[in-house]
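Colleague: Here it is, the structure in full.
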Amino acid sequence: TTAGAGNLKWIAPEETLADCRLRLVLTAPAASEEGAEEGNLEFDSHPFGVDANAPRVTCEQFPAVAGGLFSLEVELVDEGCSAPEDLQAFIRAEGEEFWNALDSSRVQLEAAGDKFTVSLDLGEENEKKYELYLAATDSLGNVAAAPGVASESIGSFQLDNTPPLVASGEPGNDWVAGLPAVLKVQVDPSDCAGPLLIQGRAGNE
């Protein structure tokens, strides 16, 4: 139906289409002469696309272990003609049934060409094994559905929020300037990444 002078409301089909045209056929009254027939007026729009699909999120290399600040590279694939714009993250601990949505302040999305980096703040979560589900939104407002009980995650990871334990022993001998010194340091190399920085200070500093 018309909505005001010269305007027409049209509801796009709920499917993704490319290279569409909208054709309007209007029946216009003919001139006022007797016996004249009515004629049709046709108008074709410029080509346009209809995007009814939200972007899909994929991840080729999903990390097995994540820290409190968890970043991973993902790809957002949109079958429509709009660009990905936002992302919502859901996690659930292994063995649990329902997903928990992370607050938007704890989720950041940065674009670099065709790749996107997702950064999650998981510092408040307990150290468990979690599944991750990502739902994307495009610039036209198409939103991917929130995960259900049977939804498949993008990947699973072990959360590690504990810093590595480092302990040092007493030097066996006094240190002498200009000569090599030995200090035994105990550290779990499987739980940290180098380099290991050793700093010292004099007793009166």
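The values are calculated or read from the model by the stated rules, or taken from the named source; none is laboratory data. Not measured: the values here are computed from a predicted model. Here the Cβ is made from the backbone with ideal geometry for all residues, glycine too, and neighbour counts use every protein chain on show. Accessible surface areas use protein heavy atoms only, side chains included; no ligands, DNA or RNA. Shrake-Rupley method; radii C 1.70, N 1.55, O 1.52, S 1.80 Å.
Colleague: How large is ³J(HN,Hα), in whole Hz, for each residue of the range 155-170 in order, when computed from phi with the Karplus curve 6.51 cos²θ - 1.76 cosθ + 1.60 and θ = phi - 60°, using x for Gly and Pro?
Modeller: Working through the residues one at a time gives x, 10, 8, 9, 8, 10, 9, 9, x, x, 7, 10, 9, 10, x, 7 Hz.
Colleague: Between [x] 19; [y] 52; [z] 31, which matches percent of Cα pairs over 31 Å apart calculated for the structure shown?
Modeller: The listed entry that was calculated here is [y].
Colleague: For D174 paired with D160, estimate the spin-label separation in nm (one decimal), with each label point 7 Å from Cα along the Cα-to-Cβ line.
Modeller: Between D174 and D160, the label points sit 4.1 nm apart.
Colleague: Also, quick follow-up: Based on the Cβ-Cβ distance of H46 and D114, what FRET efficiency does E = 1/(1 + (r/R0)^6) give at R0 = 25 Å, to the nearest 0.05? Mind dumping the intermediate values first?
Modeller: Details: r = 28 Å, r/R0 = 1.10.
Once rounded, the FRET efficiency stands at 0.35.
Colleague: Can you give the alpha-carbon Rg of the range 140-191 over 2.2 N^0.38 Å, where N counts its residues? It would help to have the intermediate numbers written out before the result.
Modeller: On the way: Rg = 24.8 Å, N = 52, 2.2 N^0.38 = 9.9 Å.
My calculation over the Cα atoms of the range 140-191 gives 2.51.
Colleague: Something else now. Counting only protein heavy atoms, what percent of the accessible surface of the chain is carbon or sulfur at a 1.4 Å probe?
Modeller: Working: 7310 of 14960 Å².
Answer for the chain is 49 percent, counting heavy atoms of protein chains only.
Colleague: List the residues, sorted by chain then number, that are 5 or more residues from N53 or on another chain and whose placed amide H is less than 5 Å from its amide H.
Modeller: G80
Colleague: Follow-up question, since we're still on this one. Please give the solvent-accessible surface of R23 in Å², to the nearest 10, using a probe radius of 1.4 Å with every protein chain present.
Modeller: Solvent-accessible area, nearest 10 Å²: 140 Å².
Colleague: Assigning unit charges at the beta carbon (Lys, Arg +1; Asp, Glu -1) and nothing else, what dipole magnitude in debye, to the nearest 20, does the chain show about its Cα centre?
Modeller: Numbers: 11 positive and 36 negative charges, 164 e Å.
For the chain, the charge dipole is close to 780 debye.
Colleague: If you count only protein heavy atoms with a 1.4 Å probe, what accessible area per residue comes out for the chain, rounded to a whole Å²?
Modeller: On the way: 14960 Å² over 205 residues.
Heavy-atom accessible area per residue stands at 73 Å².
Colleague: Let me ask something else. Ignoring ligands and nucleic acids, what accessible area does I11 show with a 1.4 Å probe (Å², nearest 10)?
Modeller: The accessible area of I11 comes to roughly 150 Å².
Colleague: While we're on this one: Tell me, what HN-Hα J-couplings in whole Hz come from the Karplus equation 6.51 cos²θ - 1.76 cosθ + 1.60 at θ = phi - 60° for each residue of the range 60-70, using x for Gly and Pro?
Modeller: 6, 10, 9, x, 7, 10, 10, x, x, 9, 9
Colleague: On a 1.4 Å probe surface of the protein chains, which of F90, F98 comes out largest in accessible area, and what is the full order? Could you put the intermediate results ahead of the total?
Modeller: Working: F90 15, F98 130 Å².
Accessible-area ranking of F90, F98, largest first: F98, F90.
Colleague: Can you list, largest first and rounded to whole Å, the semi-axes you get for the range 109-205 by taking the square root of 5 times each eigenvalue of its Cα gyration tensor?
Modeller: Working: eigenvalues 457, 60, 26 Å².
They are 48, 17, 11 Å, listed largest first.
Colleague: Sorting check: for 139-147, 179-187, which peptide has the highest mean count of neighbouring beta carbons within 10 Å, and how do the rest follow?
Modeller: Numbers: 139-147: 14.7, 179-187: 9.8.
Descending mean neighbour count gives 139-147, 179-187.
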